[in-house]
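Where a number appears in this text, it was derived from the coordinates with a stated rule and is not lab data. Please read all numbers here as calculations on a predicted model, not as lab measurements. Note: ideal-geometry Cβ built from the backbone for every residue, glycine included; neighbour counts use all protein chains shown.
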Amino acid sequence: MKKITLELIVGIFVAIGILCLAWLSVKLGKMELVGGNHYEVYAEFDSVSGLKKGAAVEIAGVEIGRVDRIELDPKYSDRARVYLRISNGVKLQDDVIASVRTSGIIGDKFIKLKPGGSEKILANGGRIRETEAAVDLEELLSKYIHGKVE
């Protein structure tokens, strides 16, 4: 009888530990199990060199979302289309400006949004029209070294 009780207590303890581990991995991995409270917009860039899925989306240095996916634009095969998951509490105007930036000198790339002054709000699936591509340091250094700076 005592052996069964001890095994039951250990089993419950292990189950609680596994549930806590699963919860931590979901929270630390910033994953969402159910829909989540966000909406999606997209922007088209000439270059998103170094930008990765899951990169931060910020306004004034505050994270408001994440990059959901990056793919080639279906209309123009020389442009990248970046889909952004934005928190529901943040409303973006339709004249917001999106730019690809680097945190620090050689840090990770992220999307910086600069709010506009329009009264219209972007809806789910909306398009950010104004974009600024990433500055490619390797390309700039190559031009400088080979004397092709304009």
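Taking the range 94-127 as the range and being farther than 15 Å from VAL62 by Cα and of a type in the set (Phe, Trp, Tyr) as the test, no residue passes. Filtered by the rule that a residue be over 17 Å from SER87 (Cβ atoms) and surrounded by 14 or more Cβ atoms within 10 Å (Cβ to Cβ), the range 104-128 gives ASP108, LYS109, GLY116.
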